[in-house]
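Visitor: Handing you a structure now.
Every number here is computed from the coordinates shown, using simple stated rules; none is lab data. For clarity, every value in this text was computed on a predicted model and none was experimentally measured. Every residue, glycine as well, gets a Cβ built from its backbone with ideal geometry; the counts of neighbours run over all protein chains shown.
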């Protein structure tokens, strides 16, 4: 494998990181919306969130990518491949992060929001000043775990012809007939990204289990 | 004397469970009430109704002239006048002591940060914990945390304070520092309703001791008569139980 092939893989790697970043950033924003809707006392907000979470947790990411790539143009959204993949990953991440954060919000002791209520704090302040910062901390290990899933999940974008790391690996492998070497390198690149994240997630979890405040 | 808190014909259910049965209670301005009774008798529920942490089925609650109903406006008005201290302290663990104390004054009373901090430092001094302002709750002892919780409530400058078993979760050696704080608050004329089994505190500061059982007010009297001559059989049994250990 020459420098040219390796550079090609690195370009794929850059796209993988880009897709992960978009999916994660979009997932954080819309996931927060989904989580807040999911814990709302109003059924008009809660039920759509439940359906959204159920839909994306109950179908394969691969199918979600197909629908975004082939389906969105049919209803008039003519997006480039990376756009369609980004939409699918964002929607996917919003459902999973929404559900993770729903659990975290509900895991914050009830006494916290009662104390906030007794002080006269309203819903928005109660959520953003009191509950969410604590929920965010509780959810960190699971959130990091999902980030790892998402990063690996971007490899499915290869199926709609998107040249990210996995797809770049296939192409290079077909050119130089060294599949073991090429996929070994590709695998090592995924591992180099995911393993530190997993370690970080585990550290966070241990620190939390030790009951460290702050 | 003007009344600070008025509760009339309060009925409260949890599902089929009748938690409060025809509660009538008037608390005068500056009056100190101690509420006691066996667990499950409804004493915590009663004070939680006053600031609408619990909703009632029927009856009328008026706090500092504000009639409580389900409207947010009425609830807000009442909560601005009434502070509450919880058994489990319920300090915000991600905020420092000072931040705990300035959050509500800034958000609800719309004070500037410097005004809120000045108020907070005043009340933290008052509960003798001013030197811990920059610490996080987890770095303090239980007794210190509960005093911070009292200061946090006082920062809203309430006209009345509700205490829900404020010393029950504390190690024995820390009970006194919290009770001392409450006594000094009482001396300054604060209207107080305290759910507690600290009978020494009741004797020292209460104007009236109220005994509840099964969601009803069974007996009420000044502390002297309440302890020396309880009228009701259930009161005698209860006092026998808790005083046996003191």
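Visitor: Counting residues in the protein assembly as shown as N, plug N into 2.2 N^0.38 Å and put the Cα Rg over that result.
Guide: Rounded to two decimals, the normalised Rg is 1.30.
Visitor: For chain B, give the share of DSSP beta bridges that are antiparallel, in percent and rounded to the nearest 5; count only bridges with both residues there. Walk me through the numbers on the way to the answer.
Guide: Numbers: 20 of 37 bridges.
Here the antiparallel bridges make up roughly 55 percent for chain B.
Visitor: Sort A:44, A:82 so that the residue with the fewest other Cβ atoms within 10 Å of its own Cβ comes first and the one with the most comes last.
Guide: Working: A:44 8, A:82 16.
With the sparsest Cβ surroundings first, the list reads A:44, A:82.
Visitor: Additional query: Indicate, rounded to the nearest 5 percent, the antiparallel portion of the DSSP beta bridges found entirely in the protein assembly as shown.
Guide: 55
Visitor: Over chain B, what is the relative contact order in whole percent, taking alpha-carbon pairs under 8 Å and six or more residues apart?
Guide: Numbers: 444 pairs, mean separation 62.7, N = 246.
Reported relative contact order: 25 percent.
Visitor: Moving on to the next point. Which residues among segment A:149-175 fall inside the zone where the amide N is under 20 Å from a point 7 Å beyond the Cα of residue A:55, along Cα→Cβ?
Guide: Under 20 Å, as judged by backbone N against the label point of residue A:55, lies no residue of segment A:149-175.
Visitor: Exposure proxy check: A:189, B:182 ranked by fewest other beta carbons within 10 Å?
Guide: Ranked by crowding around the Cβ, least crowded first: A:189, B:182.
Visitor: Using a simple spin-label model with points 7 Å from Cα along the Cα→Cβ vector, what separation in nm is obtained for residue A:47 and residue B:69?
Guide: In this crude label model, residue A:47 to residue B:69 measures out at 2.9 nm.
Visitor: While we're here: Given contacts defined as C-alpha pairs under 8 Å and at least six residues apart, what's the relative contact order of segment A:3-213, whole-number percent?
Guide: On the way: 236 pairs, mean separation 61.8, N = 211.
Relative CO of segment A:3-213 lands at 29 percent.
Visitor: Using only Cα atoms, tell me the angle between helix B:97-107 and the longest principal axis of chain B; keep it within 0 to 90° and round to the nearest 10.
Guide: Roughly 80 degrees, rounded to the nearest 10.
Visitor: Only residues of segment B:181-218 count here: report those whose backbone N is under 14 Å from the spot 7 Å along Cα→Cβ of residue B:21, or say none.
Guide: What the label zone holds, given the 14 Å backbone N cut-off, is B:212-218.
Visitor: Report the extension gain between residue B:3 and residue B:187 in nm, rounded to one decimal, defined as 0.36 nm multiplied by the number of residues separating them, less their alpha carbon distance.
Guide: Contour length minus Cα-Cα distance gives 64.4 nm.
Visitor: Same structure again: Once both labels are modelled 7 Å past Cα along the beta-carbon direction, what's the residue A:181-residue B:214 spacing in nm?
Guide: 8.9
Visitor: Just to be sure I understand: of the beta bridges DSSP finds with both ends in segment B:132-246, what percent are antiparallel, rounded to 5?
Guide: 50
Visitor: To check my understanding: the extent here is largest minus smallest coordinate of the Cα atoms along each principal axis. What are those three numbers for chain A, in Å, largest first?
Guide: Principal extents (Cα only, largest first): 69, 47, 23 Å.
Visitor: Let me ask something additional. Tilt of helix A:3-38 relative to the longest C-alpha principal axis of chain A, in degrees (0 to 90, nearest 10)?
Guide: That works out to roughly 20 degrees.
Visitor: Tell me the label-point distance for the pair residue B:134, residue A:21, using the 7 Å Cα-to-Cβ offset, in nm and rounded to one decimal.
Guide: Placing both labels 7 Å beyond Cα along the Cβ direction yields 3.7 nm.
Visitor: In what order do B:62, A:148 fall by count of nearby beta-carbon atoms within 10 Å, going from fewest to most?
Guide: B:62, A:148
Visitor: Any chance you could check the Cα centroid distance between segment B:194-246 and segment B:1-67 for me, in angstrom?
Guide: 18
Visitor: Pairing the Cα long axis of helix B:172-187 with the longest principal axis of chain B, what angle in degrees results, from 0 to 90 and rounded to the nearest 10?
Guide: 90
Visitor: How high is the FRET efficiency from residue A:63 to residue A:28, r the C-beta distance, R0 22 Å, rounded to 0.05?
Guide: 0.40
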